[in-house]
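Peer 1: Got a structure for you, written out below as structure tokens; questions coming shortly.
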Amino acid sequence: MNSFGHLFRVTTFGESHGPAIGCVIDGCPPGIAITPEEFANDLSRRATGKTRHTSARNEADAVEILSGVYEGMTTGTPIALLIRNTDARSKDYANIARQFRPGHADYTYWQKYGIRDPRGGGRSSARETTMRVAAAVIARKWLGERGVHVRGHLAQIGDVVPVGHDWSVVEGNPFFWPHAAQVPELEAYMDALRKSGDSVGAKVVVEADGVPPGWGEPIYGKLDGELAAAMMSINAVKGVEIGDGFASVAQRGTEHRDAMSPNGFASNHAGGILGGISTGQTVRVAVAFKPTSSLRLPAESIDVDGNVIEVVTTGRHDPCVGIRATPICEAMLALVLIDQALRHRAQCGDVGPVQPRI
Ligand code: EPS
């Protein structure tokens, strides 16, 4: 399955070291103004090669719009976006083409298909997430015109957590970190980690403001259910929380419930979703990323013939893939929201900022 969404349906294709990656967006509303240049900012936020803390692969990530846009406007027909791969170094993967990296999808791809493209992780590479971010640029424009805005930040690297929170500093450092005073500490942490050859996990928090009450299907298409599936579809994700998430386990009902008054809710433990439907509050999602599995530190493993081997991964890899995951999680949040908004409009007829029905 390489398609995502019901009405705003995104299909991605391509491998890390193939000639190109791309997507087709079907069901996009007509009349959204869009130019190739508008993709650059979000794609650059996600890209490798921008700082020493991510993989050194340096892709231009230039978007070609092949269809669905006429005179700078979406036409309602399928939108095809293409990005050519220009900086793949497939020789880095020659030694491990028949080996499995512990913790990597190359083992399960092999078990499932009996064949895999080992170059750059093939289809399992984070390279694929480029197209989700590209598709979400269009989704975010449509949502923005309706007062819905998505943003995110890194909320943990290893055991380091933010000790302050200021949205205005998030875009000003390479970690999407919400507390500027900690950035030198993170730089030193990542430099030491990279030197050691090891990797580390991370947590991303994304939020959507301006979501009106009512988006989400009550049973099988719950907004939180689709958000969990969307976030879990990102490479290296091992956990998703909505609102207070796993902290809810230790809470009492009197603490967790969000009191209501004519002025709105007094708190937001629910993360903006009740019964699978948006409440009108901020939708809040936290996403856990595992440590990257491509390591130059030797590990015991097997090859495709079942022989015991010692695997060493050379080449360019992220020591913490979560560092550039904030734009990807934002993209998935936006893609779920536009799809749910269109479904809500199809069934209930209203979309956009509405007054809570209380
Ligand atoms: C990746 C390995 C690296 C990363 C890549 C993801 O690729 P390569 O080994 O070809 O240099 O750079 O990520 C991207 C290129 C991207 O755009 O996200 C991996 O092992 O998943």
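Peer 1: Have a look at Asp258, Asp305, Asp318 and point out the one that is acidic (Asp, Glu) and within 16 Å of the ligand (Cβ to nearest atom).
Peer 2: One residue alone meets the criteria, Asp318.
Peer 1: Restricting to region 183-204, give me the number of residues that are assigned to a helix (DSSP H, G or I) and over 14 Å from Gln156 (Cα atoms).
Peer 2: Matching residues across region 183-204 total 8.
Peer 1: Let me ask something additional. Taking only region 113-124 into account, find how many residues are near the ligand (Cβ under 6 Å from one of its atoms) and either surrounded by fewer than 22 Cβ atoms within 10 Å (Cβ to Cβ) or of a type in the set (Asp, Glu) (or both).
Peer 2: 0
Peer 1: A further question on this structure: For region 113-152: of the residues being free of Cβ contacts under 8 Å to residues at least 60 places away in the same chain and in a helix (DSSP H, G or I), which is nearest to Val283 (Cα to Cα)?
Peer 2: Applying the filter and picking the extreme gives Gly144.
Peer 1: Checking the structure you have, find out if any residue of region 30-42 is of a type in the set (Asp, Glu), out of contact with any Asp or Glu (no Cβ under 6 Å at 6 or more places or on another chain) and assigned to a loop (DSSP other than H, G, I, E, B).
Peer 2: No: zero hits.
Peer 1: Among the listed residues Val160, Val137, Val148, Val170, which satisfies the condition of being β-branched (Val, Ile, Thr) and more than 27 Å from Asp61 (Cα to Cα)?
Peer 2: Of Val160, Val137, Val148, Val170, the one residue that is β-branched (Val, Ile, Thr) and more than 27 Å from Asp61 (Cα to Cα) is Val160.
Peer 1: On the given criteria, is Arg127 surrounded by fewer than 21 Cβ atoms within 10 Å (Cβ to Cβ) and out of contact with any Leu (no Cβ under 7 Å at 6 or more places or on another chain)?
Peer 2: No: the conditions fail for Arg127.
Peer 1: Considering only residues of region 79-112 that are assigned to a loop (DSSP other than H, G, I, E, B) and within 26 Å of Ile25 (Cβ to Cβ), which is nearest to the ligand (Cβ to nearest atom)?
Peer 2: Only one residue fits best here, namely Ala88.
Peer 1: Something else: Pull up region 305-339, narrow it to residues that are hydroxyl-bearing (Ser, Thr, Tyr) and farther than 30 Å from Gly144 by Cα, then point me to the one that is surrounded by the most Cβ atoms within 10 Å (Cβ to Cβ).
Peer 2: Among those residues, the one meeting the criterion is Thr313.
Peer 1: Now a separate question. Out of everything in region 321-332 that is within 11 Å of the ligand (Cβ to nearest atom) and hydrophobic (A, V, I, L, M, F, W, C), what residue ends up being nearest to the chain's Cα centre (by Cα)?
Peer 2: If we take residues in region 321-332 being within 11 Å of the ligand (Cβ to nearest atom) and hydrophobic (A, V, I, L, M, F, W, C), then Ile328 is nearest to the chain's Cα centre (by Cα).
Peer 1: Restricting attention to region 273-300, and to residues there that are more than 22 Å from the chain's Cα centre (by Cα) and within 16 Å of the ligand (Cβ to nearest atom), which single residue is farthest from Arg52 (Cα to Cα)?
Peer 2: Taking region 273-300 as the starting set, the residues that turn out to be more than 22 Å from the chain's Cα centre (by Cα) are 274-275, 279-280, 295-300.
Retained after the next criterion (residues that are within 16 Å of the ligand (Cβ to nearest atom)): 295-297, 299.
On the way: Leu295: 16, Arg296: 17, Leu297: 19, Ala299: 25 Å.
Step by step, filter region 273-300, then rank; the result is Ala299.
Peer 1: What are the residues in region 138-154 that are buried (at least 21 other Cβ atoms within 10 Å of the Cβ) and within 19 Å of Arg46 (Cβ to Cβ), if any?
Peer 2: If the condition is that a residue be buried (at least 21 other Cβ atoms within 10 Å of the Cβ) and within 19 Å of Arg46 (Cβ to Cβ), then Ile138, Ala139, Arg140, Leu143, Val150, Gly152, His153, Leu154 are the ones that fit.
Peer 1: Please count how many residues of region 44-78 are within 10 Å of the ligand (Cβ to nearest atom) and either buried (at least 18 other Cβ atoms within 10 Å of the Cβ) or among the charged types (D, E, K, R) (or both).
Peer 2: Residues that pass the stated criteria total 8.
The numbers here are math on the coordinates, done by the rules we state, and not lab data. As the structure is a computational prediction, the values presented were derived from the model and not from experiment. For neighbour counting, all protein chains shown are included, and Cβ atoms are generated from backbone atoms with ideal geometry for every residue, glycine included.
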